[in-house]
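The values are calculated or read from the model by the stated rules, or taken from the named source; none is laboratory data. None of these values were measured; they are calculated from a predicted model. Cβ coordinates were reconstructed from backbone atoms using ideal geometry, including for glycine residues, and neighbour counts include every protein chain displayed. Quick note on the areas: whole protein, heavy atoms, side chains included, nothing else; ligands and nucleic acids left out. Shrake-Rupley method; radii C 1.70, N 1.55, O 1.52, S 1.80 Å.
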Amino acid sequence: MSFGSFAAGFLMRPLGAIVFGHFGDKLGRKKMLIMTVLIIGICTFVIGLLPGYEQLGVLSVVLLLLARLLQGFGIGGEFGGGSLVALENAPTGKRGLMGSFHQMGTPAGLLVSTGIFSLMQLLPEDDFFSWGWRVPFLLSGVFVLLAFVIRRSLPETPAFEADKDEVRSVPFFALIREGWKNLLLGIGARMADAVTYNIINVFAISFTTTYLGLPSTLILVGFTISAGVQMVLLPFFGSWSDRIGRRPIYLAGIAICGVGALFYFPILQLNQPLSTWLIIVALHAVGTGMMFSIQGAFFAEMFGTRMRYTGLGVVYQSSALIGGAPTPAIAVALTSVFLGSYWPAVIYLIAACVISAICVLLASENSKLDLSDTSAIVTNNSARKLARAAR
């Protein structure tokens, strides 16, 4: 039931990506970014204020799920807009680097939230369940105000300004009609990242506490450390992709996650903090970090300006819904069916990595193209098709 509540927020993400992508592609990136941060922030803050089941009964559960759904709706439009503000303001040879700075917000948020939650778990159990769990949610209000002030001062991106006079159809329909192949490739490419993170973090915490009898803090501390390491590494991966291309970096990250998955749970069974933290850093900070650092740039380069916000959002959030939301529940079910074995979950992770690798190999390398030149993206995709046909 906990994983069900967790998954509820993912259900609205693709819808949010379509709605905010529509208006972001037609009206501009800045306005949508202000709206998304307010929706996400207010819903997160409200969760910290919700009365418990003892006070409201089933209504408290309904309000929690409603807050998660609205939160997911806002998050659906967040990734596309935030990425494009960085990417469409970046020069052609620096998009990987500039896009990685936007991605640093995720490990920074993980670092802060996991750190605060770990501190709250030091409270006596009664205090934690009565008020301690609310503190991380309530503190989010500070970050909302800061983000709102920053986003109000942002200019519109040059790529959108250069294209703002173009007559726009419904971006989502244009995406389905003209960019369906890249849409599917992008969704498939991100599966390795989404599944890996949810297996080694969300599911692993449940598995280690239920089947191994280990404290959840063992993994929570590991991810706190890994988030700090990932923040340092992301710009290096982004800059590296500007030099050698997006696909080699992305494929290297997939390989690390696929191979590392074979060793992850056996190392957890050792109950050795240092080895546990090292394998978490290897898979999370390095493996998923190599993919995550360039996802904004890699996916944005698949679409033209008039459908880029929608395309980027739908790729990211649809993969989150398919590979992120159900993964912990699927892994728990597999473990239960196979009598406590973690190997089915590991095989599930490796299968996701294989799918992602195939999609990345089929995708175009557009890292050197001008994002404002839609025809160049189309021409490059057509050239690759002709080359494959000739071979």
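Couple of notes before you dig in:
- The range 71-174 shape via C-alpha gyration tensor axes, a/c threshold 1.5: prolate
- Overall form of the range 16-67 per C-alpha gyration tensor (a/c, 1.5; a/b vs b/c): prolate
- Added length on full extension, which subtracts the Cα-Cα distance from 0.36 nm per residue, R243 to N271: 6.1 nm
- Heavy-atom SASA rank of E178, E88, E78, E125 (probe 1.4 Å, accessible area, largest first): E125, E178, E78, E88
- Point-charge dipole on Cβ atoms (K/R +1, D/E -1) for the chain, about Cα centre, debye to 20: 1000 debye
- 10 °C / 1.306 mPa s Stokes-Einstein diffusion coefficient of the range 300-374, Kirkwood radius on C-alpha pairs, µm²/s: 107 µm²/s
- Residues E54, E365 ordered from highest to lowest accessible area at a 1.4 Å probe: E54, E365.
- Prolate/oblate/rounded label for the range 46-122 (Cα gyration tensor, a/c 1.5): oblate
- Averaged per residue, the range 198-255 has 35 square angstrom of accessible surface, using a 1.4 angstrom probe with ligands and nucleic acids left out.
- The listed residues V195, V135, V112, V149 rank as V149, V112, V135, V195 when sorted by accessible area, largest first, using a 1.4 Å probe.
- Mean-position separation - Cα centroids, the range 255-312 and the range 128-142, in angstrom: 28 Å
- Options F236, T157, L369, ranked by Cα towards positive dipole end of the chain, top entry (Cβ charges): L369
- Shown in residue order for the range 348-354 are the 3J(HN,Hα) couplings computed by the Karplus curve 6.51 cos²θ - 1.76 cosθ + 1.60 at θ = phi - 60°: 4, 5, 5, 4, 4, 5, 5 Hz (x for Gly and Pro).
- Remark on S367: its backbone amide H falls under 5 Å from those of R246, a criterion applied only to residues 5 or more positions apart or on other chains, H modelled at 1.01 Å from N.
- At the listed q of 0.13, 0.18 Å⁻¹, the Debye profile of the range 236-359, built from one uniform point per Cα, gives log10 I(q)/I(0) equal to -0.62, -1.06.
- Every helix of 4 or more DSSP H residues in the chain counts as -39500 (n - 2.57), and over all residues that averages to -24500 deg cm²/dmol at 222 nm.
- Where the Cα pairs of the range 87-141 fall when distances are cut into 5 Å bins, in %: 4, 18, 18, 14, 11, 10, 8, 7, 6, 4, 1
- Label separation (W180 vs F148): 4.2 nm, computed from points 7 Å beyond Cα along the C-beta direction.
- Label-to-label distance for V62 and T217 is 4.0 nm, based on points extended 7 Å past Cα in the beta-carbon direction.
- 0 to 90° range, to nearest 10: angle between helix 217-244 axis and the chain longest Cα axis: 10 degrees
- Rounded to the nearest 10 square angstrom, Y53 shows an accessible area of 140 square angstrom against a 1.4 Å probe.
- Dipole magnitude for the range 1-115: computed about the Cα centre from +1 point charges on Lys and Arg Cβ and -1 point charges on Asp and Glu Cβ, it is near 380 debye.
- Unit Cα scatterers, Debye sum, the range 1-152: log10 I(q)/I(0) for q = 0.17 Å⁻¹: -1.07
- Rounded tilt (10° steps) of 58-87 against the dominant C-alpha axis of the chain: 40 degrees
- Net lengthening on full extension, V354/V337 (0.36 nm per residue, minus Cα-Cα): 3.7 nm
- Carbon plus sulfur fraction of accessible area for the range 140-281, probe 1.4 Å, in percent: 72 percent
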